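Report on the structure given below.
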Ligand code: GUN
């Protein structure tokens, strides 16, 4: 028996379509045009690809997209000034500063300068703290996407054993909080964890978010488990080309797991779709409207 492949591409497309419907509704009924501002500093090629994709998909959902490109040697003060302008701009409901920032810039200070109501990345300490406290918050997009993909397999996560491998602010930590909100039992594993394979084998839900190519092996996985692979690494092939792989040895996992996300075509597709949802939610909250139905 081989595992079910969780089709992130299809699930993300459906989420984008539902978001576009809700955007059309708030425009029609409330005259609200949600707007997302994305700030890219420097010219990291991977970041440029992400930012272009965010721009295209924001517009395709019927929202306004504002792109701000700054040189890698921009001063901290100039970057903070731009964030301040976006905070004050009524056409902007979501602000995303693409990470990582070039060396010399203080990421923590930049994130702290974003209005928490417009923090569609969910990285501001207000939002991270609210999420940890079980309060309503804008939550990071990749973990939100992981939960939606899991729910495409499990109607309820209550009582399931989940393991989150990786404890980054962008993925691991917020994912733990979202899983707790779903009443899962959560183990947080990381580079210093003892017997990672043994911990992993107890999990009904495995979230791999470490950025180490194919680290999670087939014999780490409990038969029938659901495996969500957040990793994406480009590795060389025997033919002198490159290919994208996740943090999970996909072919081996397919022989053991119940369901697995592919790389690409899994979690990656969900991140931008959830960013659109967060922008719509932020716009409704700022305008004092009820939360949208996505
Ligand atoms: N770089 C890679 N993923 C992300 C993300 O979700 N948000 C931001 N701001 N930067 C990223």
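Of the residues making up the stretch 239-280, not one is surrounded by fewer than 24 Cβ atoms within 10 Å (Cβ to Cβ), more than 16 Å from the ligand (Cβ to nearest atom) and under 19 Å from residue 95 (Cβ atoms). Filtered by the rule that a residue be away from the ligand (no atom under 16 Å from the Cβ) and either out of contact with any helix residue (DSSP H, G or I) (no Cβ under 9 Å at 6 or more places or on another chain) or closer than 26 Å to residue 96 by Cα (or both), the stretch 143-159 gives 150, 151, 153, 154, 155, 156, 158, 159. Residue 123 passes every criterion in (1) within 16 Å of the ligand (Cβ to nearest atom); (2) in a loop (DSSP other than H, G, I, E, B); (3) in contact (Cβ under 8 Å) with a residue 60 or more places away in the chain apart from (3). Annotation note: Cβ proximity below 7 Å between a residue of the stretch 99-113 that is more than 17 Å from residue 81 (Cβ to Cβ) and assigned to a loop (DSSP other than H, G, I, E, B) and a residue that is within 10 Å of the ligand (Cβ to nearest atom) and at pLDDT 95 or above (sequence gap 6+ or interchain) occurs for 99/107. Of everything in the stretch 1-47 that is in a loop (DSSP other than H, G, I, E, B) and within 17 Å of the chain's Cα centre (by Cα), the residue that is surrounded by the fewest Cβ atoms within 10 Å (Cβ to Cβ) is 7.
Might you check whether a residue that is within 16 Å of the ligand (Cβ to nearest atom), out of contact with any strand residue (DSSP E or B) (no Cβ under 7 Å at 6 or more places or on another chain) and either under 22 Å from residue 100 (Cα atoms) or at pLDDT 95 or above (or both) occurs anywhere in the stretch 178-196?
Yes.
Note on the stretch 209-227: among residues that are in contact with a helix residue (DSSP H, G or I) (Cβ under 7 Å, 6 or more places away or on another chain) and in a loop (DSSP other than H, G, I, E, B), the one that is farthest from residue 154 (Cα to Cα) is 217. Taken over the stretch 127-142, the criterion of being free of Cβ contacts under 8 Å to residues at least 24 places away in the same chain and either within 16 Å of the ligand (Cβ to nearest atom) or surrounded by 24 or more Cβ atoms within 10 Å (Cβ to Cβ) (or both) is satisfied by 127, 137.
The values are calculated or read from the model by the stated rules, or taken from the named source; none is laboratory data. Just so it is clear, the model here is predicted, and its values are computed rather than measured. Positions of Cβ are generated from backbone atoms using ideal geometry, with glycine treated the same way; all protein chains shown enter the neighbour counts.
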